[in-house]
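Working notes for the structure below.
No lab work stands behind these numbers, since they all come straight from the coordinates. Remember, predicted model here, so these are calculated numbers, not experimental data. So basically every Cβ, Gly included, is an ideal-geometry build from the backbone, and we count neighbours across all protein chains shown.
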Amino acid sequence: MPVDLTGFVAVVLLAYLVPGPDFLVIVRAAARHRALGRAAALGAQTGLCVHMCAAALGLSVIAARSAHAFTAIKLAGAAYLVYLGVRALRDARRDSGARSGRPAAERKDRSHRGADTRSATAATAATLTASDRRDSFVEGLLCNVLNPKAALFFLSILPQFADPRGSFTGQVFLLGALDVVIGVVYWLALVGAAARLRVVLGRPVWRRRWERISGCLFIAVGVGVAASE
């Protein structure tokens, strides 16, 4: 039978709608700056291209059949998510310490709080560097490359929509490229929505809460990945 594009697109859309590690990385980056969210999104989809090429070359089959290799990838991905979570909690604690170190009169002066928030937002946009974008891109990339579920998608889900009479390699690239394009569109739309969080996170107290929540979520997801079979 021919390639089932309609069914494949439906499954891919459903997969993107279910929040996962990529979702957390991209939303957290976009909440800091829209450009960082876009960089993280492109990094995540580049990581998906890595899995696509590995599946086309048969490397994913080798990794999946080797219990040690698959476990190593899974634990590396889990460790990276826990690392992101610990870093977010550390950022929240550092921000809290810096805030508590300010003079009491400055903390109580509400008339200047709105101006401080706008100044901080403007400073963030002004100081955004290529290094910041690169770091967000790498976070998205590693989060996806080290995600064993992404590899399993190309090994178990994608072949169900391929034509067994055709070239498997060619269909992997066709369906994989479609997956990547759908993801780019979805993530960029999500970035646009998540970037609005900057208005709320301009207030230090909400920014610290957000970092704590995202940090705990990263650690929880990382532990869940490590414990999964």
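Numerical summary
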item	result
Separation of the ALA79 and SER156 label points, Cα + 7 Å toward Cβ, nm	2.5
Full-extension gain in nm, VAL205 to CYS53, via 0.36 nm per residue minus C-alpha separation	50.3 nm
Backbone N within the range 193-229 under 20 Å of label point (7 Å from LEU17 Cα along the Cβ vector)	193-194
Net lengthening on full extension, VAL184/ARG134 (0.36 nm per residue, minus Cα-Cα)	16.3 nm
At R0 = 41 Å, FRET efficiency that the Cβ-Cβ distance of ALA72 and ARG196 yields, to 0.05	0.55
